[in-house]
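K.L.:
The structure under discussion is supplied below as structure tokens; questions concerning it will follow.
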Amino acid sequence: MSSALSPQFEVFEDDMQSSGEKSDTVETQAHELIETKPRNLFEKCMHFFEVKQHTNTASNRRAESFIESFVYNDDLRPVEEKRRVWDWKQFFSFIVSGALNCNTLETCVLGLQLGLTWYQTWIMSTLGFTFVGLYVVLACRVGNFYHISFPIASRAAFGVYFSVWIVINRVVMAVVWFGVQTYIGSQTVQLMLKAIFGTDLETRINNTFSSPNLTTFQFLCFMIFWAIQLPALWFSPHSLRHLFVAKTMITPVALVAFLIWTIKKSGGNLELGSLSLEPPSKSLIGWAYVRAVMTSLDNFATLILNAPDFARFSKTKRSSIYSQLIFIPVVYSILGIIGILITSAAFHMYQVNYWNPLDILNRFLDNYNSGNRAGVFLIALSFALAQLGTNVASNSISAGTDMTALLPKFINIRRGSYICAAISIAICPWDLMASSSKFTTALSAYAVFLSSISGVIAADYYVVRKGYINLHHCYTNKLGTWYMYNKYGTNWRAVVAYALGMVPNFPGFIGSVGPSVPEGAMRVYYLNYFVGWGVSFSIYCLLCYYFPIDGTPKGVKFFQRVWYEKWVDVEHFHEERRDFEDNGYNFDDESVTTTAVHVHETADDDMKKFEF
């Protein structure tokens with residue numbers, strides 16, 4: 001080796017000898033370092049912003065190429081045991097933390113906006129969240145048992161490269177929701193400032209905005225709450241359990257205090273019938289039930305899709321399963337009855353059917369005495385904490401995790417979270433939250449796109465693969481591996497099922513934004529999540545039956561009732577994956593015969609088989 005290479009080689013040699021690597025690997029790594037050394041200002045800037053992948057390389061001084069980091073990087077690798085710290089208590093805190101926000105109360109009382117009575121609204125809302133629990137558990141098992149995130153789980157069904165489009169869909173929804181939750185949080189800032197400085201702040205601060213849904217004062221509060229969230233985006237996902245616990249202890253107290261205070265102000269009087277001036281006719285009441293159920297599902301469409309992002313931190317096989325299946329409907333049903341009682345008491349006082357609880361708090365400031373001001377300030381402060389916890393846990397981290405699958409050479413989870421926060425300002429959430437009808441329209445629009453994706457992934461995992469995922473094939477783009485499918489890295493069966501799953505909902509979606517469409521199309525659209533998920537699920541199963549795919553358990557018939565899901569060991573996954581990439585040896589259970597990967601036969605008995 002020439003003397004010009006000696007210093008760099010010595011650095012790598014020290015690193016590699018400490019980890020027991022061979023000398024030929026050291027020399028290769030040394031050459032890669034020299035070849036990638038920045039040569040001009042542009043390359044120096046790019047090198048500065050690159051994410052250094054510590055697990056992929058022998059030294060953290062070199063970032064991998066775009067394709068290398070896309071296939072496998074620190075943020076998307078399977079979660080090893082020391083980071084799997086979530087048991088049922090953390091998932092309970094996560095559920096409560098996600099539920100304790102103003103958006104949940106708005107969702108739970110939307111049945112009242114449709115003309116339902118209090119008990120009809122509560123039953124339909126609870127039923128909707130029961131379905132949510134079922135869908136979340138279906139979506140999270142692949143993350144729970146294989147310790148992988150949503151972007152990686154989507155590769156198995158859609159292909160390594162087409163999964164990028166699927167992830168983009170989820171990123172867009174996360175950004176939209178981050179903006180919406182930030183706007184709701186800004187309303188708590190408005191209340192706190194009004195409680196301190198007076199209710200006339202909106203007129204005292206000159207309004208320079210022409211939008212009917214936003215004033216200068218409201219935008220100022222939006223930016224204040226937006227900025228307050230930024231420090232919280234710095235923390236890693238597995239350390240957020242402390243935030244969940246803090247929010248779980250503080251917000252319920254404030255919510256119960258809000259309920260008691262509202263009922264006391266109303267003199268204990270509640271409007272328990274329909275709060276609509278024109279209750280729906282008998283012919284429409286049934287569809288009001290359906291829409292109340294679907295509102296709960298639509299509100300959860302994004303979280304259902306990326307459930308593996310959090311389930312991958314499960315401490316045991318059951319940590320994320322029964323906790324979410326049980327606690328989601330229970331927690332949300334309790335919050336639902338609280339929200340309904342608050343709205344009913346407020347209707348008795350003001351004869352207005354408020355769907356936003358913060359509007360009710362704002363009315364309390366009509367009587368501007370010290371007690372009302374202190375009460376509104378403290379409750380608004382608690383709700384601000386609730387919005388902060390929900391936005392960080394459910395939106396920014398999800399967006400950050402998914403962005404690592406899009407541009408991992410320059411984006412990690414932390415950077416992705418900040419990018420999400422930056423873009424969220426541009427979606428103008430104040431327009432989406434202008435009324436309950438616009439809000440429900442936005443929710444349904446999300447469900448049209450996301451339900452089809454969830455249906456395909458569920459069909460692939462539960463019916464086609466019967467719970468079997470080969471992790472080493474998830475983290476490679478070699479031709480001939482199972483989840484590449486072809487040179488385009490796309491499973492055409494999944495793409496067709498995904499597209500056709502959206503077709504039945506599209507006429508109703510168009511009708512929801514203005515143009516007139518047949519009533520039948522709107523009624524199909526009212527069932528949007530069930531329709532999208534079910535159609536995509538069925539079509540994908542049908543296509544895989546007639547056009548089989550690789551990577552399914554050997555010797556198992558399509559309709560045979562067997563189950564191959566298992567709790568995998570990923571403690572040495574990095575070394576195993578490297579050997580798989582270099583030699584084709586498959587450490588999971590069985591190997592694949594291809595032109596790109598060497599053949600290594602293993603016994604089928606290595607894969608444990610469970611008969612129902």
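K.L.:
Quick one: S536 ticks every box in (1) of a type in the set (S, T, N, Q); (2) at pLDDT below 85; (3) surrounded by 15 or more Cβ atoms within 10 Å (Cβ to Cβ) except a single one, so which number is it?
P.N.:
(2)
K.L.:
Has region 136-151 got at least one residue that is in contact with a Gly (Cβ under 8 Å, 6 or more places away or on another chain), crowded, with 21+ Cβ neighbours inside 10 Å, in the same structural domain as L100 (by TED's automatic domain parsing) and hydroxyl-bearing (S, T, Y)?
P.N.:
yes
K.L.:
Here's something else I'd like to know. Return the residue satisfying two criteria in turn: it lies in region 352-378 and is more than 20 Å from F222 (Cβ to Cβ) and among the aliphatic types (A, V, I, L, M), and of such residues it is surrounded by the fewest Cβ atoms within 10 Å (Cβ to Cβ).
P.N.:
Taking the candidates together, the pick is A374.
K.L.:
State whether one or more residues within region 168-188 are under 30 Å from W563 (Cβ atoms), surrounded by fewer than 24 Cβ atoms within 10 Å (Cβ to Cβ) and modelled with pLDDT under 95. Write out each step before concluding.
P.N.:
Within region 168-188, the subset under 30 Å from W563 (Cβ atoms) is 169-170.
Filter once more, keeping what is surrounded by fewer than 24 Cβ atoms within 10 Å (Cβ to Cβ): 169.
From the residues that got through so far, the ones that are modelled with pLDDT under 95 too are 169.
Yes, region 168-188 contains at least one residue that is under 30 Å from W563 (Cβ atoms), surrounded by fewer than 24 Cβ atoms within 10 Å (Cβ to Cβ) and modelled with pLDDT under 95.
K.L.:
If you don't mind, another one. Take the residues in region 72-116 that are among the β-branched types (V, I, T) and over 17 Å from S296 (Cα atoms); name whichever of them is modelled with the highest pLDDT. Walk me through how you get there before you give the answer.
P.N.:
First pass over region 72-116, keeping only residues among the β-branched types (V, I, T): 79, 85, 95-96, 104, 107, 109.
Okay, now just the ones that are also over 17 Å from S296 (Cα atoms), so 79, 85.
On the way: V79: 93, V85: 88.
Per the criteria, the residue is V79.
K.L.:
Continuing with the same structure: Which one of these is assigned by TED's automatic domain parsing to the domain that holds M223, touching an Asp or Glu at 6+ places or on another chain (Cβ under 9 Å) and either in a helix (DSSP H, G or I) or surrounded by 17 or more Cβ atoms within 10 Å (Cβ to Cβ) (or both): A346, A399?
P.N.:
Criteria check complete, one pass: A346.
K.L.:
Can you name the number of the only condition in (1) surrounded by 24 or more Cβ atoms within 10 Å (Cβ to Cβ); (2) modelled with pLDDT of 90 or more; (3) more than 18 Å from the chain's Cα centre (by Cα); (4) closer than 30 Å to F313 by Cα that P408 fails?
P.N.:
(2) is the only condition that P408 fails.
Residue-by-condition table, conditions (1) modelled with pLDDT of 85 or more; (2) part of a loop (DSSP other than H, G, I, E, B); (3) closer than 23 Å to V109 by Cβ:
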| site | (1), (2), (3) |
| --- | --- |
| L381 | yes, no, yes |
| I419 | yes, no, no |
| A434 | no, yes, yes |
| A442 | no, no, yes |
| S451 | yes, no, no |
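Here is a yes/no grid of residues against (1) modelled with pLDDT under 90; (2) over 33 Å from the mean Cα position of the chain (by Cα):
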residue: C221; (1), (2): no, no
residue: L233; (1), (2): yes, no
residue: H238; (1), (2): yes, no
residue: K265; (1), (2): no, yes
residue: L275; (1), (2): yes, yes
residue: E278; (1), (2): yes, yes
residue: S283; (1), (2): yes, yes
residue: V290; (1), (2): no, no
residue: V293; (1), (2): no, no
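K.L.:
Still on this structure, please answer the following. Output the residues belonging to region 304-333 that are part of a helix (DSSP H, G or I), surrounded by fewer than 24 Cβ atoms within 10 Å (Cβ to Cβ) and aliphatic (A, V, I, L, M).
P.N.:
Matches in region 304-333: L325, I326, V330, V331.
K.L.:
What number of residues within region 498-518 are in contact with a helix residue (DSSP H, G or I) (Cβ under 9 Å, 6 or more places away or on another chain) and at pLDDT below 85?
P.N.:
Step one: list which residues in region 498-518 are in contact with a helix residue (DSSP H, G or I) (Cβ under 9 Å, 6 or more places away or on another chain), which gives 498-513, 517-518.
Narrowing further to those that are at pLDDT below 85: 509-513, 517.
So the answer is 6.
K.L.:
Restricting to region 63-107, name every residue that is of a type in the set (D, E), surrounded by fewer than 22 Cβ atoms within 10 Å (Cβ to Cβ) and either assigned to a helix (DSSP H, G or I) or without any contact (Cβ under 8 Å) to a residue 60 or more places away in the chain (or both).
P.N.:
Residues satisfying the conditions are E68, E81.
K.L.:
Determine whether S296 is in a helix (DSSP H, G or I), of a type in the set (G, A, S), assigned by TED's automatic domain parsing to the domain that holds A380 and buried (at least 19 other Cβ atoms within 10 Å of the Cβ).
P.N.:
yes
K.L.:
Something else now. Hey, among F559, F509, which residue is farther than 23 Å from V136 by Cβ, part of a helix (DSSP H, G or I) and either among the hydrophobic types (A, V, I, L, M, F, W, C) or more than 28 Å from the chain's Cα centre (by Cα) (or both)?
P.N.:
Residue meeting the stated conditions: F509.
K.L.:
Residue under question is I205, and the condition is that it be surrounded by fewer than 17 Cβ atoms within 10 Å (Cβ to Cβ) and in contact (Cβ under 8 Å) with a residue 12 or more places away in the chain; does it hold?
P.N.:
Yes; evaluated as a whole, the condition is true for this residue.
The values are calculated or read from the model by the stated rules, or taken from the named source; none is laboratory data. Quick caveat: nothing in here was measured; it's all calculated off a predicted structure. As a convention, Cβ positions derive from the backbone with ideal geometry for all residues, glycine included, and neighbour counts pool all protein chains shown.
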